[in-house]
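Below is one structure, written out as structure tokens; the observations come after it.
The values are calculated or read from the model by the stated rules, or taken from the named source; none is laboratory data. Quick caveat, the model's predicted, so the values are computed rather than measured. All Cβ positions, even for glycine, are placed from backbone atoms using ideal geometry, and neighbour counts span all protein chains on display. These area figures cover heavy atoms from the full protein model, side chains too; ligands, DNA and RNA do not enter into them. Shrake-Rupley method; radii C 1.70, N 1.55, O 1.52, S 1.80 Å.
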Amino acid sequence: DPPRLRAAREAVLAAVLQPLLATLRDILARGDMLRPYHYAADDIAARALARTALDGLALLAPDEAAGIAAEWLATSPHMTAEQSALTLLVHHRLAGADAALQRFHQRWRHEALVLDQWFATQASRPAADAVEAAQALLAHPDFDATVPNRVRAVLTQLGMNNPVAFHRADGAGYALLAAQIREIDARNPQLASRLSGVFGIWRKLDAVRQTLVRGHLDALLAGTLSPDVRETLSRIRGEG
């Protein structure tokens, strides 16, 4: 039950971090994330630590974390700061997340690789309604279904990096991916085959989710598929 596993993990993490609240604040007070970008081991480590500290603070003091993330966005000297702040705001549902998404989109919509991150940040948000968010992203004017990186930014992020949404108990995540695999297979069998691999975890799931996944696998295999996708799904299903 991936959503329950995540909830348990978050509870343990909050308990571990609570005694370290002052330390998290001290780390963030150094301002390492807002220094000019240098590609050096110590600087990379300092930025990673700051990112981890703010992620922890968001669990314990969300309003305080939102303020720091807003500062990172407003004064970011590099993309690491900007992307880290945006992800924290969106994934923790902190105040200012929607406005930050709009500004990021307006600023970077003409930079394909950066815009991929904008799509990925939303599709990987650990919340059940990210399935609906992913569906909306697939209909976004800047979504191009013929660009594999853009497709992966939504569907791979949902299926591989968002267990809370993808493994939703009602099976909506499975249904969305199955429908997309069918559509994508008609124009890019290799991409559809790779996306199909997301279902490979099904035997590790609880009985209810196993039944849901098997239903989608069987429905896909009963239809017209490319050899690539059929081979992948048959292997996952255990038929070949």
Exercise. So how do His110, His105, His216 rank on accessible area, 1.4 Å probe, biggest first, that is with the largest at the start?
Worked result: His110, His216, His105
Problem set entry | For the chain: relative contact order, % (alpha-carbon pairs under 8 angstrom, 6 or more apart) | 13 percent
Problem set entry | With all protein chains modelled, accessible area of Asp116 [1.4 Å, Å²] | 20 Å²
Exercise. Got a number for carbon plus sulfur as a percent of the range 108-240's accessible area, 1.4 Å probe?
Worked result: 54 percent
Exercise. If packing is taken as the mean number of other Cβ atoms within 10 Å per residue, what is the order of 5-15, 63-73, highest first?
Worked result: 63-73, 5-15
Exercise. Could you give me the ³J(HN,Hα) list for the range 140-147, computed from phi with Karplus coefficients 6.51, -1.76, 1.60 and θ = phi - 60°, whole Hz, x at Gly and Pro?
Worked result: 5, x, 8, 7, 10, 5, 8, 9
Exercise. So how much accessible area does Thr23 have, in Å² to the nearest 10, using a 1.4 Å probe?
Worked result: 70 Å²
For this session: Please work out how much accessible surface Phe143 shows to a 1.4 Å probe, ignoring ligands, DNA and RNA, in Å² rounded to 10.
Result: 30 Å²
Exercise. Taking only DSSP H segments of four or more residues, each worth -39500 (n - 2.57), what value at 222 nm results for the chain once the sum is divided by all its residues, to the nearest 500 deg cm²/dmol?
Worked result: -21000 deg cm²/dmol
Exercise. Let a ≥ b ≥ c be the square roots of the eigenvalues of the Cα gyration tensor of the range 92-239; is it rounded (a/c under 1.5), or, if not, prolate (a/b larger than b/c) or oblate?
Worked result: oblate
For this session: Compare Val147, Val154 by solvent-accessible area with a 1.4 Å probe and give them largest first, with all protein chains kept in place.
Result: Val147, Val154
Exercise. Which far-off residues, 5 or more places away or on another chain, put their amide H under 5 Å from the one on Arg125, with H placed in the peptide plane?
Worked result: none
For this session: Skip the ligands, DNA and RNA, and give the accessible area per residue of the range 180-240 with a 1.4 Å probe, whole Å².
Result: 52 Å²
Exercise. What value does the range 187-240 have for Rg/Rh, both radii from Cα atoms and Rh as Kirkwood defines it?
Worked result: 0.96
Seminar exercise, completed: In order over the range 19-35: 3J(HN,Hα) from phi, Karplus 6.51/-1.76/1.60, θ = phi - 60°, whole Hz, x for each Gly or Pro, gives x, 9, 4, 5, 5, 4, 5, 5, 4, 5, 5, 5, x, 4, 5, 9, 7
For this session: With a probe of 1.4 Å, find how much accessible area the range 11-76 has per residue, and write the answer as a whole number in Å².
Result: 56 Å²
Problem set entry | Cα-based shape type of the range 1-149, given that a ≥ b ≥ c are square roots of the gyration tensor eigenvalues and the cut on a/c is 1.5 | oblate
Seminar exercise, completed: Under the Karplus relation with 6.51, -1.76 and 1.60 and θ = phi - 60°, whole-Hz ³J(HN,Hα) for the range 89-101, x at Gly and Pro, equal 4, 6, 5, 9, 6, 7, 4, x, 4, 5, 5, 5, 4
